[in-house]
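What follows is a set of notes on a single structure, which appears directly below.
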Amino acid sequence: MAYNDKVLDHYENPRNVGSLDKNDPNVGTGMVGAPSCGDVMKLQIRVNEQGVIDDAKFKTFGCGSAIASSSLVTEWIKGKTLDQALTIKNTQVAEELALPPVKIHCSVLAEDAIKSAIQDYRSKRAVGGS
Amino acid sequence: MNLPIYMDYQATTPMDQRVLQEMLPWFAEKFGNPASRSHPFGWEADRAVEKARQEVATLIGADPREIVFTSGATESDNLAITGVARFYRDKGNHIITLTTEHKAVLDTCRHLEAEEGFQVTYLPVRPNGLVDLAALAAAITDRTILVSIMAANNEIGVIQPLAEIGALCRSRKVLFHCDGAQGVGKFPLDVNAMNIDLLSISGHKIYGPKGIGALYVRRRPRVRLKAIIHGGGHERGMRSGTLSTPLIVGLGAACRLAGAEMVEESRRVKELRDHLFQGVTSRLTHVELNGDLESRLAGNLNISFGFVEGESLMMAIKDVAVSSGSACTSASLEPSYVLRALGVTEDLAHTSIRFGLGRFTTREEVDYVIDLVIRSVSKLREMSPLWEMMQEGIDIKSVQWAAH
């Protein structure tokens, strides 16, 4: 299967690969997927005082489309508030990367990763009592 | 060295130029129908076909009258299994095969089960990919008519103990069909020493043309088949259809060259294969070989790179043509059924890559691939959350993953 240029670009020059300190109260960590399914995405966000995502990092085990999807959403969520980030839909990711039907699940995983990271951040804040 | 590098010799092999040269006159210049008995155009084509039939037979220790030309190993498998099942159905309706067989065997068996009332036992294999001979012996009943077991596996390259299987089948009076697509021409195969009753042969796996193959059908004791392609009664009624002289000449030449060069070639290819394996494992940890190392095709290396998904690795080494057991390369989302049958866990099955080396693989190419694989796996591991977890001491199997 030939890859779309945007997928190749994100795959070869992935944006925001890495990790943030998961114990930092301002960091939310989302981990979705499963090794047995062939893809696992870890997405981390750091949220500033204004409630804006000022940094995002990812690590992904998965095919090129999964890596590209996670790379793309880290770019998209930076500078957004949590509620804005939650409006990102998998269909936008799939459209931007021109994913074929068999790769749509990669974009679903990216959307889930955002939700999971935000949920983690919010539950941390709730427990922290801030 | 030219890029891309071809390392997918179990998918197909480049045609040997010597084979091509022998084929060329038989397309336009010498176009006769080998079945034309009444003029020299037919006679010369017939002589070429019979010479090739002899060359195929010689490679496997058979008599030329035991060779039936087909369109390839898939057709040979279909003809052998369906043909035997339909001919011997009064004798029994039970067939035994392995879960790791090629789809040409498995799907033919499934069809006979679903549509024609046969019962098929799909025997599991041992973790090294080899048949469990005791389990095979135990599976044979008085209703069993056929055992179909491949010579060498297309994904993991393991070579089955053919002589032992053949002896067992002969002693229990059960026919033995062997899918030899990956084995014939790669290591010595003798239908008599191994008691093989039917043997499928492929042209394009042995540096010959695509679209041609053969089925060996034993004459003594005679094996009978019901034809699946009907018509003018070619190939002693077992396979009708005008013979393709150029393709058959090509198959014959490929078999002759394989027979002459097999020993030296497999020694050289195995050396390259071992060099690749050692090169990769010397600088990467968590690399696992799939399938037995000893009883294996010289040109096959199937390895799992832990924590790195197979398709993403193939993208990283896109100048090297290989294939992966990962689901992502196929329309289905299931990882390789062959690796699953070995008990390879799904997560490791997703990380497997098959390197296929052969006649035209060079040391320079292998060195290039070693270096590229090491760099790519290292880079992808830096991006892998599973690699990070492993380094933090987290057991990935202990994590509750949400399947999706």
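Here are the numbers:
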read-out	value
Single match in B:Asn128, B:Asn153 (criterion: open to solvent by 20 Å² or more (accessible area, probe 1.4 Å), under 23 Å from B:Ser295 (Cα atoms) and touching a residue at least 60 places away in the same chain (Cβ under 8 Å))	B:Asn128
Tally of residues being more than 14 Å from every other protein chain (Cβ to nearest Cβ) and either closer than 15 Å to B:Ser384 by Cβ or in contact with a Gly (Cβ under 9 Å, 6 or more places away or on another chain) (or both) across segment A:52-63	3
Tally of residues being of a type in the set (A, V, I, L, M) and part of a loop (DSSP other than H, G, I, E, B) across segment A:94-130	2
Top-ranked residue in segment B:299-321 [being within 22 Å of the chain's Cα centre (by Cα) and away from every other protein chain (no Cβ under 11 Å); ranked as farthest from B:Arg363 (Cα to Cα)]	B:Ser304
Selection count where residues are closer than 13 Å to B:Gly61 by Cα, of a type in the set (S, T, N, Q) and in contact (Cβ under 8 Å) with a residue 60 or more places away in the chain, scope segment B:182-220	1
Count of residues meeting criterion [over 15 Å from B:Ala341 (Cα atoms) and under 19 Å from the mean Cα position of the chain (by Cα)] in segment B:123-148	2
Residue check, A:Ile104 within 14 Å of chain B (Cβ to nearest Cβ) and hydrophobic (A, V, I, L, M, F, W, C)	yes
Residue within segment A:78-101 that is closer than 19 Å to A:Gly28 by Cα, within 11 Å of the chain's Cα centre (by Cα) and of a type in the set (S, T, N, Q) present	no
Residue satisfying all of: in segment A:81-93; in contact (Cβ under 8 Å) with a residue 24 or more places away in the chain and part of a helix (DSSP H, G or I); nearest to the other protein chains (Cβ to nearest Cβ) among these	A:Val93
Subset of segment B:336-357 [in a loop (DSSP other than H, G, I, E, B), farther than 13 Å from A:Gly62 by Cα and either open to solvent by less than 40 Å² (accessible area, probe 1.4 Å) or within 11 Å of chain A (Cβ to nearest Cβ) (or both)]	B:Ser336, B:Leu342, B:Val344, B:Thr345, B:Leu357
Residue satisfying condition, being within 12 Å of another protein chain (Cβ to nearest Cβ) and acidic (Asp, Glu), within set A:Glu75, A:Glu49, A:Glu111, A:Glu96	A:Glu111
Test: residue in segment B:287-298 that is within 13 Å of another protein chain (Cβ to nearest Cβ) and either surrounded by 18 or more Cβ atoms within 10 Å (Cβ to Cβ) or more than 30 Å from B:Glu264 (Cα to Cα) (or both)	no
Residue check, B:Val308 assigned to a loop (DSSP other than H, G, I, E, B) and within 28 Å of B:Leu130 (Cβ to Cβ)	yes
Residue match in segment B:225-239 (condition: at negative phi and touching a His at 6+ places or on another chain (Cβ under 7 Å))	no
Qualifying residue in segment B:378-399 (condition: more than 14 Å from chain A (Cβ to nearest Cβ) and buried (at least 20 other Cβ atoms within 10 Å of the Cβ))	no
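The values are calculated or read from the model by the stated rules, or taken from the named source; none is laboratory data. Keep in mind that what you see is a predicted model, and the values were worked out from it rather than measured. FYI the Cβ positions are ideal-geometry reconstructions off the backbone, even for glycines, and counts take in every protein chain you see. Keep in mind that these areas ignore ligands, DNA and RNA; they rest on the heavy atoms of the full protein, side chains included. Shrake-Rupley method; radii C 1.70, N 1.55, O 1.52, S 1.80 Å.
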